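The next block holds one structure in the form of structure tokens; read it before the comments.
The values are calculated or read from the model by the stated rules, or taken from the named source; none is laboratory data. Every value quoted in this text rests on a predicted model; they were computed, and no experiment measured them. All Cβ positions, even for glycine, are placed from backbone atoms using ideal geometry, and neighbour counts span all protein chains on display. Only protein heavy atoms, including side chains, enter the accessible area calculation; ligands, DNA and RNA are left aside. Shrake-Rupley method; radii C 1.70, N 1.55, O 1.52, S 1.80 Å.
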Amino acid sequence: MNPKWNGQFSCFDLVARNLEKAGQSLRTTIRVREIEIGGNDFVVMAGPCAVESEEQLLTTAEAVAGAGATILRGGAYKPRSSPYAFQGLGVEGLKLLRKAREQTGLAIVTEVMSEEDVEVIAEYADIMQVGTRSMENFALLEALGGCGRPVLLKRGMTATLEELLRSAQVIAMAGNPEIILCERGIRTFETATRNTLDISAVPVLKTVSHLPVIVDPSHAAGVRSLVPVLARAAAVVGSDGLLVEVHPVPEKALSDGNQSLTFQEFRDMMEDLGPYLEIQQKARQLRPQLVATGGAD
Ligand code: PEP
Ligand code: MN
């Protein structure tokens, strides 16, 4: 690990583990309804990339809940790379998410792209997702400081882990310490996958920060066939959970169909995770230790 990471995390004091103040074991756990993120449970958040219709969302919510997910994902405000692509249902989508929560008991995570939408999204969502493209939208991060909801902060696709922690620090400084970090793949020279899953991000972040860390294998892979194996890798290295895209008919999805699992594939993935979660307990014990070295960073 970069020796600098073992130095003084003065610029990340709210999000870094601190040997003197907190001891080795302090972790932030975030409670969302009955769910604890960052504790002993492996929390799976699953659902469609975008909320498309009532039927699509409610059938997906039932399916993922039945397979063991406890949080429903689904974008109502979508950051699309093309202005011609489906942009999301906006408030209508938020209302459908609320209906899905009422029907299934699943908590809701959904993306917020603009500080102007923070208030309305916080009315409906249990967790506010900041997407890869918004990781350095500092006006948004500051607005999330007072939103009263935990924030799922995705790593920018070209951001270093230090930059990710800097953005987390901005949210914490603005008054919101409830932050979940998410590794979702970064851009590298490799083109075989949509992004490159930086699996070492998990043990590094868990070592230097007290915040929960989850992995999004869907946006890293870009193809559904790779999602289950990346999910297993995430479990083994000590991730606190997953964010996974699932769709009733992926070929018809309005966004990210190629990487979305069918209901059956999601059920299989969840069943197969069992032994890997046992290994995870060992991964937690073997986690690299934070060593105080003094020295400025
Ligand atoms: C998403 O979760 O659908 C999404 C847009 O993710 P990312 O910001 O990681 O691309
Ligand atoms: Mn997506």
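Just one of (1) within 14 Å of ligand 1 (Cβ to nearest atom); (2) open to solvent by 20 Å² or more (accessible area, probe 1.4 Å) trips up G47, so point out which.
(2)
Say we look at the stretch 185-237 and pick out the residues that are of a type in the set (D, E, K, R), within 29 Å of L26 (Cβ to Cβ) and touching a Gly at 6+ places or on another chain (Cβ under 9 Å); which of these is surrounded by the most Cβ atoms within 10 Å (Cβ to Cβ)?
Ranking the candidates gives D216 first.
If you scan the stretch 56-93, which residues turn out to be modelled with pLDDT of 95 or more, among the hydrophobic types (A, V, I, L, M, F, W, C) and within 13 Å of ligand 2 (Cβ to nearest atom)?
First, pick out the residues of the stretch 56-93 that are modelled with pLDDT of 95 or more: 56-77, 88-93.
Among the residues that remain, those that are also among the hydrophobic types (A, V, I, L, M, F, W, C) are: 57-58, 61, 63-65, 67, 69, 71-72, 76, 89, 91.
The answer is A76, and nothing else.
Mind counting the residues in the stretch 116-144 that are within 16 Å of ligand 2 (Cβ to nearest atom) and part of a loop (DSSP other than H, G, I, E, B)?
Qualifying residue count for the region: 2.
From E251, E245, grab the single residue that is touching a helix residue (DSSP H, G or I) at 6+ places or on another chain (Cβ under 9 Å), away from ligand 1 (no atom under 13 Å from the Cβ), outside any loop (DSSP other than H, G, I, E, B) and more than 17 Å from F42 (Cβ to Cβ). Write out each step before concluding.
Numbers: E245 fails: away from ligand 1 (no atom under 13 Å from the Cβ).
Every option except E251 fails the conditions.
Can you find even one residue in the stretch 178-191 that is assigned to a loop (DSSP other than H, G, I, E, B), closer than 19 Å to E111 by Cα and not charged (D, E, K, R)?
yes
Quick check on R133: is it more than 17 Å from G75 (Cβ to Cβ) and basic (K, R)?
It is false that R133 is more than 17 Å from G75 (Cβ to Cβ) and basic (K, R).
I need a count of the residues in the stretch 62-84 that are closer than 17 Å to D126 by Cα, within 16 Å of ligand 1 (Cβ to nearest atom), without any contact (Cβ under 8 Å) to a residue 60 or more places away in the chain and not in a strand (DSSP E or B).
Matching residues across the stretch 62-84 total 3.
Tell me, which helices (runs of 4 or more DSSP H) lie completely within the stretch 199-242 with 3 or more residues that are within 14 Å of G185 (Cα to Cα)?
The helices (runs of 4 or more DSSP H) meeting that bar are 217-221, 227-236.
Among (1) in contact (Cβ under 8 Å) with a residue 60 or more places away in the chain; (2) under 16 Å from the mean Cα position of the chain (by Cα); (3) open to solvent by 10 Å² or more (accessible area, probe 1.4 Å), where does M113 come up short?
(1)
Looking for whichever is more than 12 Å from the chain's Cα centre (by Cα) and within 14 Å of ligand 1 (Cβ to nearest atom) here; the options are R187, R155. Which one fits?
R187
I want to confirm something. Restricting to the stretch 253-284 and keeping residues that are within 15 Å of ligand 2 (Cβ to nearest atom) and not hydrophobic (A, V, I, L, M, F, W, C), which single residue is most open to solvent (accessible area, probe 1.4 Å)?
Within the stretch 253-284, the match that is most open to solvent (accessible area, probe 1.4 Å) is N258.
Please enumerate the residues belonging to the stretch 45-66 that are more than 12 Å from T262 (Cα to Cα) and touching a helix residue (DSSP H, G or I) at 6+ places or on another chain (Cβ under 7 Å).
Selection gives V51, E54, L57, L58, A61, E62, A65.
Taking the conditions exactly as written (more than 16 Å from ligand 2 (Cβ to nearest atom), at pLDDT below 95 and under 30 Å from K282 (Cβ atoms)), does G39 satisfy them or not? Working first, answer last.
On the way: more than 16 Å from ligand 2 (Cβ to nearest atom): yes; at pLDDT below 95: yes; under 30 Å from K282 (Cβ atoms): yes.
Taking the combined requirement at face value, the residue satisfies it.
Please work out which residue is farthest from L94 (Cα to Cα), limiting yourself to the stretch 126-184 and to residues that are of a type in the set (S, T, N, Q) and either open to solvent by 30 Å² or more (accessible area, probe 1.4 Å) or in contact (Cβ under 8 Å) with a residue 60 or more places away in the chain (or both).
Within the stretch 126-184, the match that is farthest from L94 (Cα to Cα) is T160.
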